[in-house]
Structures are given as structure tokens and as C-alpha cells.
Amino acid sequence: ESSGVFYALGAAEAASGDFLNARKSFSKAGQLEPSNSLPLAMLVKVNFSMGDMDSLKAALRDGGARFPKDANFHASVARFLIEKKQYDLALAEALRARQANAADAESLMELAVLENTVGAYEDAIRNAAALEQKADLPRGLRASAAGVAGLSYEGSGQRDAAVSHLREAIRLDPSQENSYLALAFIFEKSGRFRDAAEVLEQGRRSLPDSTAILLPLGSDLFASEQYHEAIQAF
């Protein structure tokens, strides 16, 4: 009658690929200790490994009903689902995590990223912009939020706003490589290759060891007819 023993047994069975018995063991562990969310989190993972999406969704619904205030449970499940590219399900779990802990900036950031990923751009902009404007948060987090806001504005067709937020992301944290690449990509899409090259040059000055910046920089220099500089970049 030990929940811990059944949980450990389920973990061993899952590690050996015996997912059917692992599911039984985790279910028993959850029955013996219904206040513990860990067996249910493992059930989500086992059901995914078995390809049983109906049971996975049932476990998520069970988690929402039994652990509505357990932000860690819902956030960890959301991260697992993101890794498995189950973005719609991950978004639902991220929303539950946010509802359980409304004051947590990290959970709001994860939610904004997911909203951008699934195309809920207005929600992503609202949540990311709220974090970007909080002066008491770490600059790196605010920069990431500004980047998400920029990408969401671009996704919704508001290019000028996208450029503004991505420039702010670079200003807040010049060490984030993706901000330069995202802003340059926006310029490239509109044929502004010289502007794209300038952004990437700025990125190279801030991140001299970045190899990801060099190839698009060379391409943009070439496209803007700066051939000598392009050769040096390549």
C-alpha cells in the first residue's frame, strides 16, 4: 500500500519500455496518494510514449480538476508538451499554471511564447508587452518579452511595431542573438537588405563569437551590393 513503491516501480517500467505496466503502476500510486500530482504527471508522459492521446487528454483534464492551484504541476506538464510539439495542449496547461500563480513572471513568459507559437498573437502581445514594461524585472527577461512581442506583431502583420519591439529587445539585452536575427529577417522580407546588414553588424559587434550571425550578414551585404564586406563576412 505504498504510493512511493508503486511510483518507483512505474518509473523503472517506463525506463525499460514497459509502458502498459508503468501506466498501471502510476495509476495505483495516484490512487494511494491522491494529493500527490507526480504520478499524474508521469501518466501524461507514459500515455504520450504509448501514443494514446485520448488517455493523455483525460489525464490533463484530471489534473485540471484535481490540482487547479498546483502551478508547478501544470508548468512542468506544459514544458513536456512543448518539447513534444503538442502546442495546443501545452497552451492549455500554461494557462492553468498562470491561473494558479498569477504573480509569476516566468509562467507568463512561457504563456506568451506559446501564444505566439499557436498564432494567438493578440494574447501574446498583451502578455509579453506587460512583462517588457516591468522595470523591476531582470533586463534579460524583459528583452525576451520584447522579442516575443515583436514576433507576434510581425505575425499579425504590424511590421513597424514589430521592428520597434525587437529594437527594444536588443537595447535591453544586447547578448540575445535571436533578437538580431529576427529583426534582420523582418528587414529581409521587405527587401531592406542594407538595414538588415546594419542590424547584424551590430550583433556581430556585441557577439563577436557568434557563427549564426555571419552567414545571413554575408548574404545581406551581398544583396545590398556591399561585395567587399560580404566576402569578408563569409
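The values are calculated or read from the model by the stated rules, or taken from the named source; none is laboratory data. For clarity, every value in this text was computed on a predicted model and none was experimentally measured. Here Cβ is always computed from backbone atoms with ideal geometry, including for glycine, and neighbour counts include all displayed protein chains. In case anyone asks, the SASA skips ligands and DNA or RNA and just uses the protein heavy atoms, side chains included. Shrake-Rupley method; radii C 1.70, N 1.55, O 1.52, S 1.80 Å.
The condition (being of a type in the set (S, T, N, Q), outside any helix (DSSP H, G or I) and within 19 Å of Met109 (Cα to Cα)) is satisfied by just one residue among Ser175, Ser152: Ser175. Residues in the stretch 180-214 that are part of a helix (DSSP H, G or I), in contact with a helix residue (DSSP H, G or I) (Cβ under 7 Å, 6 or more places away or on another chain), open to solvent by 10 Å² or more (accessible area, probe 1.4 Å) and of a type in the set (Gly, Ala, Ser): 1 in all. So which residues in the stretch 71-90 are open to solvent by 30 Å² or more (accessible area, probe 1.4 Å) and in contact with a helix residue (DSSP H, G or I) (Cβ under 7 Å, 6 or more places away or on another chain)? Answer for the stretch 71-90, where residues must be open to solvent by 30 Å² or more (accessible area, probe 1.4 Å) and in contact with a helix residue (DSSP H, G or I) (Cβ under 7 Å, 6 or more places away or on another chain): Ser76, Ile82, Lys84, Tyr87, Leu89. The sole residue among Ser55, Ser35 that is closer than 14 Å to Leu89 by Cβ, over 22 Å from the mean Cα position of the chain (by Cα) and among the hydroxyl-bearing types (Ser, Thr, Tyr) is Ser55.
Determine, yes or no, whether Glu168 is under 26 Å from Glu106 (Cβ atoms), in contact with an Asp or Glu (Cβ under 8 Å, 6 or more places away or on another chain), assigned to a helix (DSSP H, G or I) and touching a residue at least 12 places away in the same chain (Cβ under 8 Å).
Values: under 26 Å from Glu106 (Cβ atoms): yes; in contact with an Asp or Glu (Cβ under 8 Å, 6 or more places away or on another chain): yes; assigned to a helix (DSSP H, G or I): yes; touching a residue at least 12 places away in the same chain (Cβ under 8 Å): yes.
So Glu168 passes the test.
All of (1) among the basic types (Lys, Arg); (2) over 21 Å from Ala14 (Cα atoms); (3) surrounded by 16 or more Cβ atoms within 10 Å (Cβ to Cβ) hold for Lys28 with one exception: (2).
Considering only the stretch 29-58, state which residues are hydroxyl-bearing (Ser, Thr, Tyr) and outside any helix (DSSP H, G or I).
Residues of the stretch 29-58 that are hydroxyl-bearing (Ser, Thr, Tyr), as a first pass: 35, 37, 49, 55.
Those that are hydroxyl-bearing (Ser, Thr, Tyr) and outside any helix (DSSP H, G or I): Ser35, Ser37.
Evaluate the stretch 116-132: report whether one residue or more is part of a loop (DSSP other than H, G, I, E, B), more than 21 Å from Leu172 (Cα to Cα) and not hydrophobic (A, V, I, L, M, F, W, C). Even if it seems obvious, please write down each step before you answer.
Looking only at the stretch 116-132, we keep the residues that are part of a loop (DSSP other than H, G, I, E, B), and these are 118-120.
Retained after the next criterion (residues that are more than 21 Å from Leu172 (Cα to Cα)): 118-120.
Retained after the next criterion (residues that are not hydrophobic (A, V, I, L, M, F, W, C)): 119.
Yes, the stretch 116-132 contains a residue that is part of a loop (DSSP other than H, G, I, E, B), more than 21 Å from Leu172 (Cα to Cα) and not hydrophobic (A, V, I, L, M, F, W, C).
Being in contact with a Phe, Trp or Tyr (Cβ under 8 Å, 6 or more places away or on another chain), assigned to a helix (DSSP H, G or I) and either small (Gly, Ala, Ser) or more than 28 Å from Leu108 (Cβ to Cβ) (or both) is the requirement here; does Leu217 meet it? Considered against the rule, which asks whether it is in contact with a Phe, Trp or Tyr (Cβ under 8 Å, 6 or more places away or on another chain), assigned to a helix (DSSP H, G or I) and either small (Gly, Ala, Ser) or more than 28 Å from Leu108 (Cβ to Cβ) (or both), Leu217 comes out as no. Pairs are defined by a Cβ separation below 6 Å, a sequence spacing of at least 6 or placement on different chains, a first member in the stretch 146-158 that is touching a residue at least 60 places away in the same chain (Cβ under 8 Å), and a second member that is part of a loop (DSSP other than H, G, I, E, B) and open to solvent by 40 Å² or more (accessible area, probe 1.4 Å); no pair meets this definition.
The set of residues in the stretch 165-193 that are among the aromatic types (Phe, Trp, Tyr) and either within 21 Å of the chain's Cα centre (by Cα) or closer than 16 Å to Ser206 by Cα (or both) comprises Tyr180, Phe185. Entry remark, the stretch 105-164: residues being over 23 Å from Ala90 (Cβ atoms), among the β-branched types (Val, Ile, Thr) and either open to solvent by 70 Å² or more (accessible area, probe 1.4 Å) or within 11 Å of the chain's Cα centre (by Cα) (or both) number 0 in total. For the stretch 59-70, name all the residues that are open to solvent by less than 40 Å² (accessible area, probe 1.4 Å) and part of a helix (DSSP H, G or I). Of everything in the stretch 59-70, those that are open to solvent by less than 40 Å² (accessible area, probe 1.4 Å) and part of a helix (DSSP H, G or I) turn out to be Ala59, Leu60, Gly63, Gly64. Of all residues in the stretch 90-137, those satisfying the criterion of being over 20 Å from Leu151 (Cα atoms) and either at pLDDT 95 or above or of a type in the set (Lys, Arg) (or both) are Arg96, Arg98. Quick one: is Ala112 assigned to a helix (DSSP H, G or I), of a type in the set (Gly, Ala, Ser) and more than 30 Å from Arg205 (Cβ to Cβ)? The answer is no for Ala112.
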